[in-house]
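Q: Below are the structure tokens for one structure; questions will follow.
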Amino acid sequence: QVQLVESGGGLVQAGGSLRLSCAASATIFNINNMGWYRQAPGKERELVAVSSNGGRTNYASSVKGRFTISRGNAKNPVFLQMNNLKPEDTAVYYCNVDTLFGQSYWGQGTQVTVSS
């Protein structure tokens with residue numbers, strides 16, 4: 001079973017930047033969509049950004065223009081560049097990789113805390 005591990009989270013002041021990485025324990029073949037989700041305390045998990053197999057990207061309206069999702073390689077499939085961070089971006093961030101055959105992999109999450 002492939003495991004995903006996020007890294008790059010931490011504590012940053014408002015206006016700062018972080019780059020999240022997602023590493024896979026083994027090569028993932030037939031990747032379809034890749035995305036980043038987040039969950040703030042007391043709230044449901046929400047989509048932050050997704051990159052489709054066809055190269056399209058979609059972002060939550062709250063992060064559009066500030067965050068950029070990018071594809072890497074099979075062992076580090078997806079990254080999230082986060083600029084101009086705001087306190088409301090504070091959450092646990094999860095990477096997700098879906099394959100063309102319906103498999104869905106999730107990481108354990110990395111904490112992002114933005115101070116005002």
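The values are calculated or read from the model by the stated rules, or taken from the named source; none is laboratory data. Just so it is clear, the model here is predicted, and its values are computed rather than measured. Cβ atoms come from the backbone with ideal geometry, glycine included; neighbour counts cover every protein chain shown. For the accessible areas, the whole protein counts, side chains as well, though only heavy atoms, and no ligand, DNA or RNA atoms are used. Shrake-Rupley method; radii C 1.70, N 1.55, O 1.52, S 1.80 Å.
Q: Does A14 count as of a type outside the set (V, I, T), open to solvent by less than 30 Å² (accessible area, probe 1.4 Å) and touching a strand residue (DSSP E or B) at 6+ places or on another chain (Cβ under 6 Å)? Show your work before the answer.
A: Details: of a type outside the set (V, I, T): yes; open to solvent by less than 30 Å² (accessible area, probe 1.4 Å): no; touching a strand residue (DSSP E or B) at 6+ places or on another chain (Cβ under 6 Å): yes.
Against the criterion (of a type outside the set (V, I, T), open to solvent by less than 30 Å² (accessible area, probe 1.4 Å) and touching a strand residue (DSSP E or B) at 6+ places or on another chain (Cβ under 6 Å)), A14 does not qualify.
Q: Also: If R71 meets every condition in (1) at pLDDT 95 or above; (2) on the phi < 0 side of the Ramachandran plot apart from one, which number is that one?
A: (1)
Q: Still on this structure, I have one more. Run I69 past the list (1) open to solvent by 30 Å² or more (accessible area, probe 1.4 Å); (2) aliphatic (A, V, I, L, M); (3) not in a loop (DSSP other than H, G, I, E, B) and report the number of the one that doesn't hold.
A: Of everything listed in (1) open to solvent by 30 Å² or more (accessible area, probe 1.4 Å); (2) aliphatic (A, V, I, L, M); (3) not in a loop (DSSP other than H, G, I, E, B), I69 misses just condition (1).
Q: Read through the list (1) open to solvent by less than 50 Å² (accessible area, probe 1.4 Å); (2) touching a Phe, Trp or Tyr at 6+ places or on another chain (Cβ under 7 Å), then give the number of the only condition that W106 fails.
A: Evaluating W106 over (1) open to solvent by less than 50 Å² (accessible area, probe 1.4 Å); (2) touching a Phe, Trp or Tyr at 6+ places or on another chain (Cβ under 7 Å) leaves (1) as the failure.
Q: Right, here's the next one. Given the residues T57, T27, T113, T90, which is the only one that is over 15 Å from the mean Cα position of the chain (by Cα) and either open to solvent by 30 Å² or more (accessible area, probe 1.4 Å) or not basic (K, R) (or both)? So that I can check it myself, show each step before the final result.
A: Details: T57 fails: over 15 Å from the mean Cα position of the chain (by Cα); T113 fails: over 15 Å from the mean Cα position of the chain (by Cα); T90 fails: over 15 Å from the mean Cα position of the chain (by Cα).
Answer to the selection: T27.
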